[in-house]
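This report concerns only the one structure given below.
The values are calculated or read from the model by the stated rules, or taken from the named source; none is laboratory data. If you're wondering where the values come from, they're calculated on a predicted model, not measured in any experiment. We place every Cβ from the backbone using ideal geometry, glycine too, and count neighbours over all the protein chains shown. These accessible areas exclude ligands, DNA and RNA; they are computed on the full protein's heavy atoms, side chains included. Shrake-Rupley method; radii C 1.70, N 1.55, O 1.52, S 1.80 Å.
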Amino acid sequence: MIEQPFSLILNWLFINMFTCVATFSFIFFIETIMGQNIAAAGVGSLILIAPFGCLSIISEFIMIHIQNSITYNRLLGKINNISQNIILYTISKPIIKFDELVIGDNHIQQHYFVYSNYSLKILALICIIGVTYLLSIYCYNKNQFEMNGYHLKPER
């Protein structure tokens, strides 16, 4: 049973807001490195998704080539655990819990959402945001957008 539904709404708001800001700050960091906005948006998005794609390829390879079911299940469990922890997009997904409420002869099954390791996730997102913005400022000072292509102009 949810004791305070308002706190669940605030948890959802903060974790999703920080996830979006962390994604934006990472793509902004890639833009300051590359100096090209459109290309950097594509490259930054691919960099965020690439680890999950690599782990998916590895798990498919294991499913095809390993015939021992014990080794197969153990390896796939570890790979799935790593892939769920490494991806920034899935950090904001809650765990669904089920609760059965018995009133007389009626059995009512309810579900509710629980955010596990909520404070750790928020701290990790704030650290990612801070580090990527500091790196963006550093890279911007080294490679300013206004100075891109400046050395290519012919002198008169």
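Please give the solvent-accessible surface of Y72 in Å², to the nearest 10, using a probe radius of 1.4 Å with every protein chain present.
Counting only protein heavy atoms, the figure is 60 Å².
Could you rank the peptides 121-127, 74-80 by their average count of other C-beta atoms within 10 Å per residue, with the highest value first? Mind dumping the intermediate values first?
Details: 121-127: 15.6, 74-80: 13.0.
Output ranking for 121-127, 74-80: 121-127, 74-80.
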